[in-house]
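K.L.:
First, the structure itself, so that you have it in front of you.
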Amino acid sequence: MSLANDAPRFRAGVILALFVMVAAPALLVIYQSVLDAPFFDDNVRFSLDAFRFVLTDPEFYRALWTTTLYAFGMVVVAVPLGGLLAFLITRTDLKGRTWLEPLVLVPMFLSSIVLAFGYTVSVGPSGFVTIAFKSLFGAAPWSIYTLPGIILIGGLSHVPTVYLYVASAMRRLPSDLEEAARTAGAGIWRVSLDVTLPMVLPALVFSAALNLLLGFETFGIPLVLGDPNGILVLTTYIYKVNTIFGAPTYQVMAAVTVFLILITLPLVFIQRRLLRHARRFAAVGGKGARTNLLRLGATGQAVALGLIGLWLLVSVFFPVGGIVLRAFVENWGEGVRLTEQLTLANFKAVFEIPSLSRGILNTVLLAGVGGAIAVAFYLLVGLAGHRNRGRSGTLLDYSVLIPRALPGLIVGLTFFWLFLFVPFLIPLRATLISLLIAYIIVGLSYGLRIIQSTLLQVAPELEESARITGASVYRSWRDVVIPLVKPGLAGAWAMIMIVFLREYATGVYLMSSGTEVIGSLMVSLLTSGAMDQIAALSFISIALTAVGLTLALRLGAKLHD
């Protein structure tokens, strides 16, 4: 019995509603870009002045060039490192690889703005690592406020993304060919280059495309590390464009956003095609893969552990350690004895300021309650697309792609406009509901992927058996599918909770009195230089994420899905 044509009205209704939700903001951006004033202005006219301004502005070309360098540079750093870490941890007998893997993934669960701040207080001009290095050698030969420094940090922070995809591919590979190469006398590194690498090339290409997309959408790291030195990328150009005119210039922001979408949308489609054709490159059949780990030997163990240790030191210990240290000291700098500066005053100040304490509460509410609502919504969408190979299923696939091509900053901006533009939505603009809707759209691609993979674990025979005995499709979902995927839904809720905890850019334009969240507050506080409060908020963000991650693992969430 085919399940593809069940519940056509439900599937069509949910998918159409989803398409409207994701297409409306994008269409509003295009509409705003061809106006000569904000769309709500009474005297607004159609015009291409915004595009003329952007195309004649040298700052736009500088931001575009910098973004391109940043995106490709990030790929150059992240892809080889992520592939190497995946090989060492999944294909060799590396000691401690079981507990090393969660540590490798840590940067992926922290927001970019928290990571960037962590690097500022650790390896910035006045960072604790820089001060210690200067006391030993007289000068520090690095600067994180330069484009190479930003590219390096951006690349290191995205290594876990590459690791996840490549490690997943490597775990499915049989070890026969690697063992044959070793028997023939090939060294471990020769085996990795000549045998393993070609078999996981599709995963590496996909990871490179994904990182290129993330590079073009990046906001937090260039804002924190590039802005002080005048380094602009497209997202920070959009964020800063109002300062050029001294007033909101929505049409210029929209025009730049259109250019950004023209760059990112093809990258999203390329990723989709890579995933669709991934099976052409399958190296494993249905019998399952037998994996024997490659032996590194004593020297190989030392080299591998040294490499991973160095990466963990720079990518995890420096930023996280810097935040922890900075959050508990009052003064900071050369000649200051940190043991004499320990204090809880930074946290006391955060909880005494109503907007900051409200931001922490709102973040927890959005992550916990909002995450549950989001999972319920994703489940509805997932059921609408479940075993759906019709036109509505195709529409669902393309609907998910639209928000994937929009950075969180742009999604927040477009929803801000939408809540100004649609009369019945105006009362919701100053409430957490506006943020929740925007968060749900930002997390749509990731959340739906988790739900779809959970739903696919239910064998179709079980649903077909229920239908044969007379149950409607809705009853088969209620009594068979949903009870079976409940553990997966709990894990999905915890993972979405982490996504919402680390989100910061979406709330930048939607933030008002009563809708503050930690990430957006940090972006706002950067302009005032309130480092004490930013450090305390960063520490709280890391602590909340650690709690969410622990809960996710306890609920059975799989980090590799």
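K.L.:
Taking every eigenvalue of the Cα gyration tensor of segment 2-79, multiplying by 5 and rooting it, what semi-axes result, largest first, whole Å?
P.N.:
Values: eigenvalues 264, 151, 11 Å².
They are 36, 28, 7 Å, listed largest first.
K.L.:
Further question on the same structure: Please work out the FRET efficiency for the pair residue 65 and residue 344, using the Cβ-Cβ distance as r and a Förster radius of 56 Å; give the result to the nearest 0.05. Present the calculation step by step, with values, prior to reporting the outcome.
P.N.:
Details: r = 45 Å, r/R0 = 0.81.
Computed FRET efficiency for residue 65 and residue 344: 0.80.
K.L.:
So how do 340-348, 185-193 stack up, highest first, on mean other-Cβ count within 10 Å? Before the final figure, lay out the partial values.
P.N.:
Details: 340-348: 13.3, 185-193: 15.2.
Sorting 340-348, 185-193 by mean packing, highest first, produces 185-193, 340-348.
K.L.:
Which sequence of 391, 475 reflects their accessible areas, 1.4 Å probe, from the largest down? Walk me through the intermediate numbers first.
P.N.:
On the way: 391 220, 475 130 Å².
Highest to lowest solvent-accessible surface, that is 391, 475.
K.L.:
On the protein heavy atoms, probe 1.4 angstrom, tell me the percent of accessible surface of segment 46-124 carried by carbon and sulfur. Please list the in-between numbers first.
P.N.:
Details: 2230 of 2990 Å².
Here it works out to 74 percent.
K.L.:
For the chain, what is the largest minus smallest coordinate of the Cα atoms on each principal axis, given in angstrom and ordered from greatest to least?
P.N.:
69, 68, 47
K.L.:
On average, how much accessible surface per residue is there in the chain, in Å², for a 1.4 Å probe, leaving out ligands, DNA and RNA? Intermediate values should be presented prior to the final figure.
P.N.:
Values: 24670 Å² over 561 residues.
Ligands and nucleic acids excluded, the result is 44 Å² per residue.
K.L.:
Could I ask something else about it? So what's segment 292-432 giving for Cα Rg divided by 2.2 N^0.38 Å, two decimals?
P.N.:
On the way: Rg = 24.4 Å, N = 141, 2.2 N^0.38 = 14.4 Å.
Scaled against compact globular proteins, the figure is 1.69.
K.L.:
Only four residue types carry charge here, +1 at the Cβ of Lys and Arg and -1 at the Cβ of Asp and Glu. Report the dipole size of the chain about the Cα centre in Debye, rounded to the nearest 20. Don't skip to the answer; put the middle values down first.
P.N.:
Values: 39 positive and 28 negative charges, 335 e Å.
Once rounded to the nearest 20, the dipole reads 1600 debye.
K.L.:
Using all C-alpha to C-alpha distances in segment 486-561, build P(r) with 5 Å bins and read off the rounded percent in each one.
P.N.:
Whole-percent P(r) values from 0 Å outward: 3, 16, 21, 19, 16, 12, 9, 4, 1, 0.
K.L.:
Rounded if a/c is under 1.5, else prolate if a/b is larger than b/c, else oblate: which is segment 83-167, with a ≥ b ≥ c the root eigenvalues of its Cα gyration tensor?
P.N.:
Prolate, since a/c reaches 1.5 and a/b exceeds b/c.
K.L.:
A further question on this structure: Can you send over the carbon and sulfur percentage of the accessible area for segment 471-543, probe radius 1.4 Å, protein chains only? Could the numbers behind the result be given before it?
P.N.:
Values: 1510 of 2490 Å².
About 61 percent, which is the carbon plus sulfur part of the accessible surface.
K.L.:
So, by mean Cβ neighbours within 10 angstrom, what's the order for 294-306, 65-77, 362-374 with the highest one leading?
P.N.:
Details: 294-306: 14.7, 65-77: 19.4, 362-374: 21.5.
Per-residue Cβ counts within 10 Å, averaged per peptide and sorted highest first, yield 362-374, 65-77, 294-306.
K.L.:
Evaluate the charge dipole of segment 113-259 about its Cα centre and quote only its size in Debye, nearest 20, assuming +1 on the Cβ of each Lys and Arg and -1 on the Cβ of each Asp and Glu.
P.N.:
Computed about the Cα centre, the dipole is about 200 debye.
K.L.:
Can you find, among 74, 195, 378, the residue farthest towards the positive end of the dipole of the chain? Put +1 on the C-beta of Lys and Arg, -1 on that of Asp and Glu.
P.N.:
Most positive-ward Cα: 195.
K.L.:
Using the Cα centre of the chain as origin and beta-carbon charges of +1 (Lys, Arg) and -1 (Asp, Glu), tell me which of 551, 111, 264 is placed farthest towards the positive end of the dipole.
P.N.:
So the residue furthest toward the plus end is 551.
The values are calculated or read from the model by the stated rules, or taken from the named source; none is laboratory data. In this text, all values refer to a predicted model and were calculated from it rather than measured experimentally. Virtual Cβ from ideal backbone geometry, glycine too; neighbours counted across all protein chains shown. Each accessible area value is taken on the protein alone, full model and side chains, heavy atoms only, with ligands, DNA and RNA left out. Shrake-Rupley method; radii C 1.70, N 1.55, O 1.52, S 1.80 Å.
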